[in-house]
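The values are calculated or read from the model by the stated rules, or taken from the named source; none is laboratory data. Here the structure is a predicted model, which is why all the values come from computation and not from measurement. Neighbour counts are summed over all protein chains in view; Cβ atoms, including those assigned to glycine, are modelled from backbone coordinates with ideal geometry. Note: areas computed on protein heavy atoms with side chains; ligands, DNA, RNA excluded. Shrake-Rupley method; radii C 1.70, N 1.55, O 1.52, S 1.80 Å.
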Amino acid sequence: MMPLRAHYDVIVLGVGGFGSAACYHLARRGVRVLGLEQFPLLHDRGSSHGETRIIRLAYFEHPDYVPLLRRAYELWADLEASTAKTLFRKTRLLISGPPEGEAIPGALRAAQEHGLDVESMTAGEAMRRFPDFRLPEDHHVVLEPDAGLLHVEACVEAHIDEARRAGAEIQGEVPVLGWGRDGAMLYVDTHFGRFTATRLVITAGAWTGRVLADAGLPLTVVRKFVGWYEVEPGAYDVDRGTPTFYIEQPDGAFYGFPSMDRRTIKFAEHTGHDVVDDPATVDRSRRTEDVARLEAFRQNVLPRTRPILDRHSVCLYTLTPDRHFVVDDHPQDDGVIVAAGFSGHGFKFTSVIGEALADLAWKGRTEAPIEFLRWNRPALQGNG
Ligand SMILES: Cc1cc2nc3c(=O)[nH]c(=O)nc-3n(C[C@H](O)[C@H](O)[C@H](O)COP(=O)(O)OP(=O)(O)OC[C@H]3O[C@@H](n4cnc5c(N)ncnc54)[C@H](O)[C@@H]3O)c2cc1C
C-alpha cells in the first residue's frame, strides 16, 4: 500500500490547458485542490504549447459552442485583469473556403443563429483588402472582427499562478501512476505516495486513453506538425492588420497567424491523420512529408513568405469520432469528472470549461450549456 501523503477536496490529474484552468476555478472557490503534472509545468510535450491559439466566435463546428465562447471571452478578460498580462490579441479571423464546404456555411450559420457580426465577401474582395494572401477564385470569405489569438503558454501560466495565489497546490514532474476508489475516497498513486480526494478531475489530454484505459472512450491521438516560415520585410505583420486565417482547400484545411516577430509566420494543417500510439514517444523531428504539406500550402496561399522553415514544433490532437469534446462525469463513478477529446480546437475554451469542471467537481452540476458534450452521446457509443 502506498504511503498516504495527504487528503484534498479535489485532485486534478494533468495540469495543461484544461487542468490549470480547473485548478484556478476550484481554488478561487476555497476548495482544497492538488494539481499533478507528469512533466515540468508549461512543458511542450502535450497539446498546449507553440506560442499562439486562434479564438473565434462564429463557430463553424457547431453553433452550440457560441454561448460557451461568449463566457470564455469574459473569463479570459478577467484573467488578463487579475494578472495584468496580455493573453488575448484581437486580430480578426479570415475564413476562406468553398461556399458549400464546412467552414463558410458553418460560420455563417453560427453567426446568424447567435446574431454575431461578421463580414461576408468574395475571394477577390478579400485579396484586395489582404493582398498578402492568394485565395482560390471560387472561395467565399468570412471575416470575423472579434476573433484573434491567445498566447497559449502565458494563458496556462496565468491559470497556474492565479490558482496558486488562491491556495492551490500544483506539482510538476509528478506522474500519476494509477487512480481508483477506496470506499468514500478517490486516490491517485505517485512515486511519492498516495494522495486522496473527494473528487478527481481528469484532464490528461493525449494520455486520457491510458488514464481511462477501461472506460471505452473512443479517442485517437494524432501528431501535428507546426511550422514558422520566413516572411518578406513587412509581410503578414500583425501590427499592419494581418488577421489570423483558416483556409479550407480540397486537400485539407490549414490555419495560421499573423507575423508576431516581423521575421516569421506560423501556420499548420488542421486536417490530416498521423495517428500516434504512444504520446510520450511521438516523433518530434521535421519529416519530409511534413514540410511538403506546408510548402504546398505556402506556395499556393502565402506568396510573401520565403521557402525557409525557420523552426517547427510538434503537438498532439486528441480526436473524438465526431470531433466534439467530452466534458462529463465518468460513467462508472460520478466522483470522477473527465474533460477530453478536444480534437484540435479546445484551447480557446479552457477558461470556460475550467469553470464548468469546478462546478461539476464541487456542486455536482453546472449552468454551463455543455449538454451536447456528454459522454453518453451516440457518436461515442460507436453508433454515431
Ligand atoms: C498544433 C495545435 C494547434 C491548435 N490550435 C488551436 C487553436 O488555434 N485554437 C484552439 O482553441 N485550440 C487549438 N488546439 C487545441 C488545443 O491546444 C487543445 O485542445 C488543448 O491544448 C488541450 O488541452 P489539454 O489540457 O486537454 O491537454 P494538455 O495541455 O496536453 O494537458 C494534459 C496534461 O496532462 C498531463 N498528464 C497526462 N497523463 C498524466 C499522468 N498520468 N500524470 C500526470 N500528468 C499527466 C500531460 O503531461 C499534460 O500536461 C491546437 C492543438 C494543437 C496540437
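Couple of notes before you dig in:
- Listed residues 228, 362, 179 arranged by accessible area, highest first, probe 1.4 Å: 362, 179, 228
- 20 Å cut-off, amide nitrogen to a point 7 angstrom out along residue 191 Cα→Cβ, residues in the stretch 23-47: 35-46
- Residues 32, 165, sorted by accessible area with the largest first, give 165, 32 [1.4 Å probe; ligands and nucleic acids excluded].
- When GluC sites (Glu not before Pro) are flagged only if DSSP places them in a loop and at most 15 other Cβ atoms lie within 10 Å, the longest unflagged stretch of the chain comes out as 174-366.
- Per residue accessible area of the chain, 1.4 Å probe, in Å²: 40 Å²
- Computed from the Cα positions only, the extents of the chain along the three principal axes stand at 66, 46, 43 Å, in decreasing order.
- The share of C-alpha pairs in the stretch 277-384 whose separation exceeds 24 Å stands at 46 percent.
- Counting only alpha carbon atoms, the long axis of helix 66-83 and the longest principal axis of the chain meet at about 80°.
- Restricting the stretch 341-384 to trypsin sites (Lys or Arg not before Pro) in coil, as DSSP defines it, with at most 15 other Cβ within 10 Å: 365, 374
- Hydrodynamic radius (Kirkwood) for the stretch 114-230, which is based on Cα pairs only, to one decimal in Å: 19.8 Å
- Within the stretch 15-165, all pairs of alpha-carbon atoms sorted by distance into 10 Å bins from zero give the percentages 11, 32, 30, 19, 7, 1.
- Entries in 90/363; 85/348; 85/224; 85/363 that, when Cα-Cα distance is taken, lie over 25 Å: 90/363; 85/224; 85/363
- Kirkwood hydrodynamic radius of the stretch 278-334, Cα pairs, Å: 15.1 Å
- Isotropically averaged projected area of the stretch 105-161, using the convex hull of Cα atoms (one quarter of hull area), nm²: 5.8 nm²
- Computed across the stretch 327-384, the Kirkwood radius stands at 12.1 Å (inverse of mean 1/r, all Cα pairs).
- GNM result for the chain, Cα springs below 10 Å: residue of 287, 263, 194 fluctuating most strongly: 287
- Accessible carbon and sulfur surface of the chain relative to its total accessible area, %, 1.4 Å: 49 percent
- Nearest-0.05 FRET efficiency for residue 281 and residue 70, computed from C-beta distance (R0 25 Å): 0.05
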